[in-house]
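Remarks on the structure that follows.
The values are calculated or read from the model by the stated rules, or taken from the named source; none is laboratory data. Small disclaimer: the values here were computed from a predicted structure and weren't measured. Here the Cβ positions follow ideal geometry from the backbone for every residue, glycine too, while neighbour counts run over all protein chains shown.
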Amino acid sequence: MLQKMVKIQVLGPKKDLHNVLDLLYARGTVHIEDASVPTAPGEISLKRMTAEQVGDIAIAHSKIGGILLTLPKSVYDEKAVAYSYSNLQAISHEDLLVKANSVINELETATKALAKEKSELELALINLGRYEKIIEKIRPLETSMPKLEGFEVTVLLIQKEFKDIIDIIRNTLTEITKRQFELLSAELDENTIAAVTIFNKRYSDQVHSYFFSQNVNEVRLPPEYLGKPFNEIFALIEKKKDQSTGEISKLNAELGKISSKWYIELTALHRILGERTDELSIFSKIGQTEYTFVLAGWIPKKSLRETRDALIDTFAGRVIVNELILTPDEMAEAPTFYDNPRFVKPFEFLMRVVSPAKSTEFDPSPVMAIFLPLFFGIMVGDMGYGLIILVFALIMKWKFADRDWLQHLMNILIIGAIWTIFFGWLYGEILGDMGEHMGWIEPQTLFGVSWNRIDAMVPFLILSVAIGVFHVILGLVLGIVNSYTEMSCKRHVDKAKKHICEKTGMIIVIIGLILVIAGMVLALPAALVTTGAILVIVAIPLIFIGGGAFGMFEIMGTVSNILSYSRIMAIGMASVILAAVANKLGGMMEVALVGVIIAVLLHTLNLVLAMFSPFLHSLRLHLVEFDSKFYEGGGKMYKPFKKENGEKPT
């Protein structure tokens with residue numbers, strides 16, 4: 001069901017604004033709207049709060065986050081963080097900012113310097129490994145390389161498909177260096193060629209400029225490695241790697257020492273500053289005068305008293321909460337707040353996905369929670385399938401506990417599986433007719449009918465259409481209730497009156513047609529047939545007044561909607577026939593194993609169809625045949641100003 005919403009204004013001195021936001025954020029009951037827009041003609045427009053008034057909370061939050069990223073994660077007790085967080089929560093906005101800046105001033109410079117030095121050493125290690133790999137690959141070329149002083153060595157990495165560029169480079173270097181160079185090449189791996197170039201240092205700038213212009217991947221050995229044998233270079237690299245690794249270990253120890261001392265407080269600070277940043281994101285919606293702030297929003301009526309008392313008690317009467325008196329038209333703009341029992345929540349999720357209800361509409365979720373799984377159970381109606389679907393849904397809930405949408409769908413499937421097991425008992429079905437053949441179960445007799453679905457096709461069809469009649473009439477009744485509610489809005493009075501006439505006429509037509517058809521088929525007294533005909537004649541003017549000429553066509557649409565419920569019988573019959581075929585084909589096989597495999601495959605196909613088709617058709621009966629009689633949707637969801645806690649559906 002939808003909760004009644006009221007609109008409020010919160011007024012108080014500007015100095016208390018941050019603490020008021022803290023309290024409202026913690027309680028999470030107010031859906032905040034723009035307070036600078038007048039709610040009634042003649043009201044004074046308020047100035048908006050500006051970004052400059054937010055302060056440095058977002059900057060402090062970012063800097064604390066940066067410090068945390070530079071520190072190794074320390075092992076800590078969440079209770080210790082919660083304790084530190086509660087202490088920080090108790091201080092004012094200004095004091096929190098002072099505290100954060102104090103920590104930043106003490107740690108930011110030191111941690112940045114240590115992190116930068118560590119990063120440079122780690123990059124140097126990566127480069128050393130790269131040099132080592134390249135030199136290892138080109139070592140066979142060492143005997144061919146000239147050992148001349150005053151020459152520079154560089155390595156070019158070229159993809160094999162571009163190997164022709166080596167000749168172009170050789171020709172260009174001939175011109176640049178006046179033949180004072182050597183170029184040797186070898187495969188580095190299956191995709192890359194390493195080209196070693198040795199050239200006179202006096203041409204260094206021109207050569208490197210050329211390589212850069214050609215977008216060639218150039219690896220230049222450090223100056224201390226030039227002119228040395230490869231064995232000596234390897235020794236220098238290993239020595240440098242050991243030195244860098246040792247220095248990194250020292251830096252990690254220093255960062256670890258800082259982390260062990262500060263990590264708990266930094267984590268708590270980062271958490272609360274993040275929340276304050278979220279709070280301040282709504283500043284542009286807050287109105288102000290020179291000394292006062294004004295905050296406007298919607299709140300569930302059941303939460304108003306508790307929130308108002310908390311504000312009055314916390315701020316000793318300095319902050320006032322006014323409940324605004326709104327016209328019905330203004331109330332129609334209230335956000336939609338679903339507040340249903342746990343078993344309705346999955347169906348509420350479906351309605352939110354389709355289109356949220358308007359705040360003044362009847363919430364179809366509770367009705368869907370009753371009928372959708374009921375329709376599913378009537379259609380599938382097999383104890384074996386029901387148990388398998390139930391186990392499947394429970395496994396999926398356990399395996400994908402972090403997928404909210406899947407949790408909701410599996411909850412719907414679980415409720416549907418329970419109804420499936422019940423109707424499987426009623427029909428006497430376990431994996432089709434296997435249960436009956438094995439003597440485990442037999443169809444039950446109810447209202448003088450044995451509910452074996454294959455033998456009771458006509459009663460099953462009558463039951464399906466009867467469900468359709470009840471469901472559609474219920475939708476029309478809810479449509480009348482919605483229209484009566486809309487009559488309180490002046491701009492909707494005429495429209496609401498027409499809807500009431502049209503929907504009342506539709507109900508009378510349905511009842512009249514039932515009496516006429518039942519009287520003719522069952523040879524009931526002529527008075528009933530006459531009464532039915534009179535009801536149809538009386539209803540036509542009501543429908544014409546409400547819907548005009550189009551309303552007359554709507555009569556056929558409504559009858560068609562009712563007949564659509566015959567799919568409950570048709571889909572159920574298809575399922576039980578396929579299950580029976582699976583059992584019969586399996587039993588006809590001379591090799592038992594082959595028969596079992598065929599039966600299992602067909603039952604698996606039927607089970608997959610049973611999970612999807614009945615669900616989709618049950619959903620369609622609600623969204624098209626039922627909801628169309630009263631539901632418009634298009635509401636805006638209630639989004640209270642609060643921390644997202646990530647609760648999972650149950």
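So the values come out like this:
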item: Pick from the stretch 145-191, criterion assigned to a loop (DSSP other than H, G, I, E, B) and among the charged types (D, E, K, R), ranking: modelled with the lowest pLDDT; result: Lys147
item: Selection within the stretch 390-420 - aromatic (Phe, Trp, Tyr) and either not in a helix (DSSP H, G or I) or not assigned by TED's automatic domain parsing to the domain that holds Ser464 (or both); result: Phe400
item: Residue within the stretch 513-525 that is part of a helix (DSSP H, G or I), touching a residue at least 60 places away in the same chain (Cβ under 8 Å), among the aliphatic types (A, V, I, L, M) and assigned by TED's automatic domain parsing to the domain that holds Glu436 present; result: no
item: Residue satisfying condition, being modelled with pLDDT of 85 or more, in contact with a Pro (Cβ under 8 Å, 6 or more places away or on another chain) and in the same structural domain as Glu625 (by TED's automatic domain parsing), within set Ile562, Ile577, Ile571; result: Ile571
item: Candidate set: the stretch 363-388, residues that are within 26 Å of the chain's Cα centre (by Cα) and in a loop (DSSP other than H, G, I, E, B); chosen: the one farthest from Asp329 (Cα to Cα); result: Pro364
item: Some residue of the stretch 440-453 being buried (at least 17 other Cβ atoms within 10 Å of the Cβ) and either closer than 26 Å to Val559 by Cα or touching a His at 6+ places or on another chain (Cβ under 6 Å) (or both); result: yes
item: Residues of the stretch 213-242 satisfying the condition of being at pLDDT below 80 and closer than 26 Å to Ile165 by Cβ; result: Gln214, Asn215, Val216, Asn217, Glu218, Val219, Arg220, Leu221, Pro222, Tyr225, Leu226, Phe230
item: Number of positions in the stretch 421-443 that are in a helix (DSSP H, G or I) and free of Cβ contacts under 8 Å to residues at least 60 places away in the same chain; result: 8
item: Test: Ala296 is more than 27 Å from the chain's Cα centre (by Cα) and on the phi > 0 side of the Ramachandran plot; result: no
item: Boolean, Gly557 is modelled with pLDDT under 85 and either closer than 30 Å to Ile480 by Cβ or surrounded by 14 or more Cβ atoms within 10 Å (Cβ to Cβ) (or both); result: no
item: Condition check for Ile473: in a loop (DSSP other than H, G, I, E, B) and among the aliphatic types (A, V, I, L, M); result: no
item: Residue list for the stretch 85-111, filter: small (Gly, Ala, Ser), out of contact with any Leu (no Cβ under 8 Å at 6 or more places or on another chain) and assigned to a helix (DSSP H, G or I); result: Ser86, Ser102, Ala110
item: Yes/no for Ser284 being buried (at least 19 other Cβ atoms within 10 Å of the Cβ), of a type in the set (S, T, N, Q) and in contact (Cβ under 8 Å) with a residue 24 or more places away in the chain; result: no
